[in-house]
Ligand SMILES: [Zn+2]
C-alpha cells in the first residue's frame, strides 16, 4: 500500500532539486531564470504565506509550485499535482531531464544528417523535405543506451514534443534489425508521461482525426483543411483517445472498438492513410479529408462521404458499419 510519509513539495523544494541558485532576501529571492536565462529574471516571493515565482522576461504572471512544474518541466496540470503530492516522483522527473539532455541535441543532428536513401524513402511516403524539417524527422545510424536504461535503436527518428520540450522519441526500425531481433516496426523511447503526436495541433481545431502512425498524421495534416487536427497516440485505448479529444468531434482512421465518442471513418482505398495517398494521390487524400471534416455525425456524415466517393470515381458499398469503396475505373486521378 502506498504511503504518503512526506509532506507535499513546495516551490522552494522544487527549485532546490533543480539546482537553481537563489540569492537570499527576507521576503524575496532572486536568481537566473532557468528557462530564458535572464540573469536576475527569476524572482521568488512570499505571498500570503506561500512562495510564488515570476520571470520578468518569460513568466510575468505569478506561479506556484504546480505552475512551476508545468512551466519548467512541461508537465500537465494533473501530472504536476501528482509530483507535488508524492515527492518520490521528483526523482523520476530528474531522470526525465537526463533523458532529454541526452536526446534533444541528437534529435536535431539526426535531422540535419539524414542519408539520401532515407530521404528518398520518406519522399515516396509523402513526407517531403518541408514536412521532415517541420517535424524534425531524422535518422539514427547507431543503436545506443541512455543512462543505462533506455535503449535507442537505429532507424528513422520521429521526436514528439510537448511545447518546446522533447517528450518522446518514436523510431521506425530498420527492416534488417526487425528480421534479426524481432519486435514491431516502431520503437518508442519515452521518459515520462505519454504525449500524443501532434498534441499542439489539437489545441485550436474543432475536429481531430486520430491516425494509426505519426507518418500518417503528418501526411494527413499536410493535406487537411484548417479545422482538422491530425494526431496519433500509440497503444492508446479508445477511452484515452476520446479523453485526448477533449470534447472535440473525434474521428479515427483505424478500428476503434466500443467508444461512442469516436467515429471510425473508413478509408476509400488502401490499408492506412499513407497507403491511400500512395495509391490515389494527394488530390484524393485532400478531398477525403475535407469530406470527413465537413460531414456532420451520423447519417449525414455517411451521406457526405458516399457522395464524395461517387464524385471521385469510387463505387461505395456498405459492409456492416463501414463504407468500403472500389475504384470504378482504372483511370488514375493522381496529381
Ligand atoms: Zn525567464
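Remarks
- Between helix 89-112 and the chain: long-axis angle, C-alpha atoms, 0 to 90°, nearest 10: 50 degrees
- Derived value for the chain: Kirkwood hydrodynamic radius 22.5 Å. Basis is the mean of 1/r over every pair of different alpha-carbon atoms.
- Distance in nm between pseudo-label sites at residue 47 and residue 204 (7 Å out along the Cβ direction from Cα): 2.8 nm
- Whole-number percent relative contact order across region 9-60, with pairs defined as alpha carbons under 8 Å at least 6 apart: 25 percent
- Value of Rg to Rh for region 199-327, rounded to two decimals, is 0.93; Kirkwood radius and Rg both from alpha-carbon coordinates.
- Legend: ranking of residues 150, 99, 288 from fewest to most surrounding C-beta atoms inside 10 Å; resulting order 150, 99, 288.
- The C-alpha atoms of region 53-183 occupy a region whose extents along the principal axes are 50, 32, 21 Å, arranged from largest to smallest.
- Look at 240, 269 and count the other Cβ atoms within 10 Å of each Cβ; fewest to most, that gives 240, 269.
- Gain in span if fully extended, residue 257 to residue 12, counting 0.36 nm per residue against the direct Cα distance: 83.6 nm
- A straight line joining the Cα centroids of region 24-72 and region 208-254 runs 36 Å.
- Only helices enter the 222 nm calculation for the chain: every DSSP H run of n ≥ 4 contributes -39,500 (n - 2.57), and dividing by all residues gives -11000 deg cm²/dmol, rounded to 500.
- Cα gyration tensor, region 14-129 - rounded (a/c under 1.5), prolate or oblate: prolate
- Residue exposure sequence - 180, 310 - by fewest surrounding Cβ within 10 Å: 180, 310
- Percentage relative contact order, the chain, counting C-alpha pairs under 8 Å, at least six apart: 9 percent
- Residues residue 243 and residue 133, FRET efficiency given R0 of 35 Å [Cβ-Cβ distance, rounded to 0.05]: 0.65
- Relative contact order, percent, region 199-327 [alpha-carbon distance under 8 Å, six or more residues apart]: 21 percent
- Sites residue 92 and residue 282, calculated FRET efficiency, Cβ-Cβ separation with R0 35 Å, nearest 0.05: 0.20
The numbers here are math on the coordinates, done by the rules we state, and not lab data. Nothing here was measured: the structure is a model prediction, and the numbers come from that model. Using ideal geometry, Cβ is built from the backbone for each residue, glycine included, and neighbour counts are taken over all protein chains shown.
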